[in-house]
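What follows is a set of notes on a single structure, which appears directly below.
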Amino acid sequence: MVTETKESRRYSPNLLVTGTPGCGKSTTCELLMRRLPDYTYFNISEFAEKHKCYDGYDESRKSHIVDDDKLLDELEPLLRRGKSIIDWHVNDVFPERLIDLVVVLRCDNSILFDRLHGRGYHESKIQENLDAEIMGVVLQDALDSYEQEIVVELQSNSTEEMDANVERIVAWQEMWLTQHKNGVTNEYQGELPKDSNSDEEQQEESSASSDESSSDESETAEEDAGSN
């Protein structure tokens with residue numbers, strides 16, 4: 001039996017705030033830090049630059065290409081402690097076992113255009129981000145990468161909406177602490193061993209060999225269950 005160490009469990013959640021650039025991630029995280037001052041804030045763009053987590057430079061986008069493996073090598077030991085607020089427009093690189101809530105911020109395109117234009121973004125880059133927001137790329141990535149119940153979509157068009165979003169996130173964090181007083185594991189749980197149901201499988205095989213019609217009914221039931 002493997003003895004769990006302090007780093008094997010976390011006793012406070014890790015919060016991932018994501019969304020298309022310009023949707024208000026940094027502002028939301030700043031407001032969150034005022035409400036959760038004992039949390040650590042990770043702006044991944046700054047973190048990657050500080051730790052040189054790069055794998056080249058994209059001339060067309062005028063930006064560095066982040067090396068996901070190196071990023072996680074640097075970041076994972078910190079996330080295992082819990083109490084993290086993660087800010088990045090990319091959300092599908094973080095291990096699901098280390099993320100407890102994924103907040104996907106959304107923004108109306110007219111407002112998003114004004115924000116990106118105010119940052120001095122090139123027209124092509126503005127259009128790329130507008131298209132991504134229209135198609136819901138970041139939201140779909142989150143839904144593809146994490147359990148649906150931990151992904152929440154929030155509108156972030158105004159200061160009032162951002163304040164309301166922070167209230168919701170803080171309330172969720174408090175509920176998480178109540179529901180997970182013994183913490184949660186940081187370790188990959190994997191799949192059940194193939195032989196975990198070996199007795200049941202052997203019984204089914206025996207039944208199948210002795211009763212063909214019973215086997216047909218069993219297969220039909222299994223197919224129906226799979227389709228559900």
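The values are calculated or read from the model by the stated rules, or taken from the named source; none is laboratory data. Bear in mind the structure is a predicted one, so any value in this text is a computation, not a measurement. Every residue, glycine among them, receives a Cβ derived from its backbone with ideal geometry; neighbour counts consider all protein chains shown. We work out accessible area using only protein heavy atoms, side chains counted, and drop any ligands, DNA or RNA first. Shrake-Rupley method; radii C 1.70, N 1.55, O 1.52, S 1.80 Å.
Residue pairs, Cβ under 7 Å, 6 or more apart or interchain, first in segment 35-62 and more than 30 Å from MET162 (Cβ to Cβ) and assigned to a strand (DSSP E or B), second open to solvent by less than 60 Å² (accessible area, probe 1.4 Å) and of a type in the set (Asp, Glu). List them.
TYR54/ASP67; ASP55/ASP67
Look at GLU161 and say whether it is farther than 15 Å from ASP92 by Cβ and under 15 Å from the mean Cα position of the chain (by Cα). Reasoning before the result, please.
Numbers: farther than 15 Å from ASP92 by Cβ: yes; under 15 Å from the mean Cα position of the chain (by Cα): no.
Taking the combined requirement at face value, the residue does not satisfy it.
Would you check which residues across segment 18-46 are among the β-branched types (Val, Ile, Thr) and under 23 Å from LEU130 (Cα atoms) and list them? Steps first, answer last, please.
Taking segment 18-46 first, the residues among the β-branched types (Val, Ile, Thr) are 18, 20, 27-28, 40, 44.
Answer for segment 18-46, where residues must be among the β-branched types (Val, Ile, Thr) and under 23 Å from LEU130 (Cα atoms): THR18, THR20, THR27, THR28, ILE44.
Give the residues of segment 1-25 that are at pLDDT below 95 and not in a loop (DSSP other than H, G, I, E, B), sorted by residue number.
Initial filter on segment 1-25 (at pLDDT below 95): 1-8.
Hits for segment 1-25 are LYS6, GLU7, SER8.
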